[in-house]
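Since every read-out is calculated from the coordinates, none of them should be taken as a lab result. Model, not experiment: these values are computed from the prediction. Neighbour counts run over all protein chains shown; Cβ positions are idealised from the backbone, glycine included.
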Protein chains: 2
Amino acid sequence: MKLSTKGRYAVMAMTDLAGHADRRAVSLAEIAERQQLSVAYLEQLFARMRRRGLVVSARGPGGGYRLARPAEETTIAEVVTAVDEPLRATRCGGKDGAIGCMRGGARCLTHDLWEETGRQIQDYLASVSLADVLSGHLRREPAVAA
Amino acid sequence: MKLSTKGRYAVMAMTDLAGHADRRAVSLAEIAERQQLSVAYLEQLFARMRRRGLVVSARGPGGGYRLARPAEETTIAEVVTAVDEPLRATRCGGKDGAIGCMRGGARCLTHDLWEETGRQIQDYLASVSLADVLSGHLRREPAVAA
DNA sequence: AGGAAGACCGAGTAATTTAGTCAACTATGC
DNA sequence: GCATAGTTGACTAAATTACTCGGTCTTCCT
């Protein structure tokens with residue numbers, strides 16, 4: 001899981017979109033104006049989100065974007081992974097194979113740790129929808145028995 | 001919360017140290033050998049961890065590092081924040097003030113989201129100790145019935 | 001028909017960050 | 001007093017990030 005500003009901008013833009021989708025499509029120019037981002041940059045982000053099926057587009061005058069699904073059913077995790085793509089964990093596992101992993105000392109005990117950490121973040125972000133962000137309704141764990 | 005390879009290396013090195021701290025101090029050369037990292041780079045990492053009080057050092061022949069506290073009492077969160085330092089959340093709040101935040105549209109509704117996300121990661125990493133990693137004892141939510 | 005709004009696309013670049021090196025210094029034990 | 005080993009800080013190369021640019025294709029309106 002990756003947390004760059006890119007992912008943050010995408011969420012900002014999507015939240016904006018979710019908040020202004022009365023019925024008509026919303027143009028990137030509008031979002032750019034409100035969120036203080038460049039149209040060109042937004043294009044990049046929305047292209048990816050369209051490919052992932054998070055938004056649908058309409059060309060021509062009066063065109064723009066709208067959410068493919070209701071705000072309640074679109075999670076932050078989906079938005080972030082749509083624009084941030086890769087998600088390599090440790091340097092072992094996929095690519096280098098044995099390098100660093102499975103070695104004399106602490107081997108890749110750390111491998112499991114990062115796997116689990118990634119899962120933890122993923123789980124949280126998947127539990128929050130655009131509607132939640134829009135309503136300021138962020139879940140705070142009920143404090144699991146101390 | 002930041003998750004760079006630097007932080008991962010630091011955890012690898014600390015885990016190695018925790019696993020080889022019989023009684024004597026462990027030299028960076030040993031760790032470098034086992035974990036396949038350069039001594040020069042490890043120096044950087046340990047310097048920071050020493051300042052944070054996670055390890056204590058001994059100079060001269062037979063010298064090296066050892067944990068300042070038992071492995072059970074040193075958390076991954078401490079190690080990671082020791083070497084990765086900064087931890088800026090959104091671009092609002094601290095630095096730019098009102099830029100991007102508190103604007104017409106979705107304002108900084110996203111602000112709370114990232115705050116909470118950071119806390120989520122922090123909490124998890126703070127719940128894992130070096131000893132846990134060493135023993136492969138990573139908490140996985142009790143597998144909800146399944 | 002034709003012009004303007006606006007999505008779409010790929011390549012390209014500037015700046016930041018990261019990872020890692022180097023050289024020189026200081027303390028300690030034998 | 002020499003070898004071991006930590007300490008410091010500046011420096012650099014590579015990668016990544018964030019972002020721009022030029023141009024195309026579609027659709028609507030007159």
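Within a 10 angstrom radius of each residue's Cβ in B:117-129, how many Cβ atoms of other chains show up on average? Whole number is fine.
3
Going by the rotation axis that takes chain B to chain A, pick out the residue of B with the closest C-beta and quote the gap in whole Å.
That would be B:ILE121, 3.
Say R0 is 45 Å: what FRET efficiency, to the nearest 0.05, do B:HIS137 and A:SER135 get from their beta-carbon distance?
My answer for the efficiency is 0.70.
Output, in nm with one decimal and in ascending order, the distances from the B:ALA47 label point to the matching label points of the other copies (7 Å from Cα along Cα-to-Cβ).
4.2
Nm distances between the label at B:ASP123 and the same-position labels in the remaining copies, 7 Å along Cα→Cβ, shortest first?
Output for B:ASP123: 1.1 nm, nearest copy listed first.
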